[in-house]
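Report on the structure given below.
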Amino acid sequence: MKTKKMMAIVAAAVMAMGAMAGCGSSSAADPDKGKVYFVNNKKEIVDQLEDLADQYTKETGVQVKVLTAADGYDNTLASELAKTEAPTMWSITGYPNFIKWKDYMEPVQDSAAFKLLTDEGKANSYQVDGNHYTLPYAAEWYGIIYNKKIVNDYASKDYAVIDSADDIKDWDTFKAVVEDMQAHKDDLGIEGAMATPGLESSDLYRFASHMTRIPLFYEYKDNNTTFMPEIKGTYVDNYKALFDLEMNNCPTSRTLLTSKTYEDVTAEFSLGEVAFYPNGVWAYTQVKDNEVADKDLGMLPYFMGIPGEEKYGPAGIYDASWAVNKNASEKDKQATFDFR
């Protein structure tokens, strides 16, 4: 199976959308062909990756092992990289993650996989001093996921401040809807307007990573740049306004926020207990086949009250990338590049 086809399968799995799961594919493996050991942080594609590993080994004779460590990923990766049989490739998500592990990475610009990227894909590969070190493999979108059925049910009420979900086009309207839904939650049959902003470690990325990018984007935009060594925090109050809105209109009291995990708050939305859930497309695998029909899934931008935000849609990122271990043997590095 060719590299291009492998990339297409994995990308499709991500776009469709356990703390730890592992897969070893060795029954048809030829040790002379090198091996691939991949540490993955995307639990929504565990099954697809394990199937891919098995298929690839059967077709090529190259052993492929996949270890998924979605929770506590950095600690798991650090532990695995310290071993003699270290990963030959792993997931990179975000620039801080790239900088942390850059010294372990092999440049990828001369690989066949890199040459398959579009110009936009190449531009989103992390690079230093002319060398590219990551291969973006998926475009993802995130914002405020909402249940159209609940919102339109609310919009049909005499007390509603909107006529349909399509009326939510700015911060003021969104805030008014959330607070009014919360005030009438018993009549609407929900536990709260918004999913709990869980502060347990598995859920922190939604606020420490994704939501923080929004005020940073607008500050960069104001300064016509994509990087600033120092930021003023121009829109920190807007970030706080959205977090406060979530905190004040969710099913959980403030004193219990630190106990709510990613699984807990995702369940609130997937079971139809809340109308709004800030997250991304990767949450689909946890939401589907529950109480929210696919046709009722929608996504709003992260409204925070920043001037001009109503002109933009949900955020899009090439945040999911692969890296290759420069310390792997030449045989294993080549096997890994071929797999990618």
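Considering (1) farther than 24 Å from D294 by Cα; (2) at pLDDT below 95, the lone condition that D203 does not fulfil carries the number (1). Picking from residues in the stretch 139-156 that are among the hydrophobic types (A, V, I, L, M, F, W, C) and not in a strand (DSSP E or B), the one that is nearest to G272 (Cα to Cα) is I150. Residue pairs whose Cβ atoms lie under 8 Å apart, separated by 6 or more positions or on different chains, with the first residue in the stretch 19-46 and crowded, with 21+ Cβ neighbours inside 10 Å and of a type in the set (A, V, I, L, M, F, W, C) and the second in a helix (DSSP H, G or I) and at pLDDT below 55, are I45/V10; I45/A13; I45/V14.
Among the residues examined, K149 qualifies as modelled with pLDDT of 95 or more, out of contact with any Leu (no Cβ under 6 Å at 6 or more places or on another chain), among the basic types (K, R) and surrounded by fewer than 21 Cβ atoms within 10 Å (Cβ to Cβ).
Evaluation of M211 against the conditions (1) in contact with a helix residue (DSSP H, G or I) (Cβ under 9 Å, 6 or more places away or on another chain); (2) over 30 Å from D71 (Cα atoms) shows that the sole unmet condition is (2). Given the conditions (1) modelled with pLDDT of 95 or more; (2) closer than 30 Å to S270 by Cα; (3) of a type outside the set (D, E, K, R), report the number of the one that Y235 does not fulfil. Of (1) modelled with pLDDT of 95 or more; (2) closer than 30 Å to S270 by Cα; (3) of a type outside the set (D, E, K, R), only one is false for Y235: (2).
Only residues that are over 19 Å from the mean Cα position of the chain (by Cα) and either in a loop (DSSP other than H, G, I, E, B) or surrounded by fewer than 16 Cβ atoms within 10 Å (Cβ to Cβ) (or both) were counted in the stretch 123-138, giving 6. I'd like to know if the stretch 101-112 contains one or more residues that are of a type in the set (K, R), assigned to a helix (DSSP H, G or I) and within 19 Å of the chain's Cα centre (by Cα). No, every residue in the stretch 101-112 fails to be of a type in the set (K, R), assigned to a helix (DSSP H, G or I) and within 19 Å of the chain's Cα centre (by Cα).
Per-residue answers, yes or no, for (1) modelled with pLDDT under 90; (2) in a loop (DSSP other than H, G, I, E, B); (3) of a type in the set (A, V, I, L, M, F, W, C); (4) in the same structural domain as D203 (by TED's automatic domain parsing):
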residue	(1), (2), (3), (4)
D47	yes, no, no, no
E50	no, no, no, no
Y56	no, no, no, no
K65	no, no, no, no
A78	no, no, yes, no
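Give the residues of the stretch 157-176 that are under 27 Å from T285 (Cα atoms) and in a helix (DSSP H, G or I), sorted by residue number. Answer for the stretch 157-176, where residues must be under 27 Å from T285 (Cα atoms) and in a helix (DSSP H, G or I): A165, D166, F174. Considering the stretch 1-45, the residues that are among the basic types (K, R), assigned to a helix (DSSP H, G or I) and within 22 Å of A112 (Cβ to Cβ) include one that is modelled with the highest pLDDT, namely K33.
The set of residues from the stretch 203-249 being among the small types (G, A, S) and in a helix (DSSP H, G or I) comprises A208, S209, A241. Checking the stretch 249-271 against the condition returns no match, with no residue being small (G, A, S) and within 16 Å of the chain's Cα centre (by Cα).
The values are calculated or read from the model by the stated rules, or taken from the named source; none is laboratory data. All of these numbers come straight from a predicted model, not from anything done at the bench. Because the Cβ atoms are built from the backbone with ideal geometry, glycine has one as well, and the counts that use them run over all protein chains shown.
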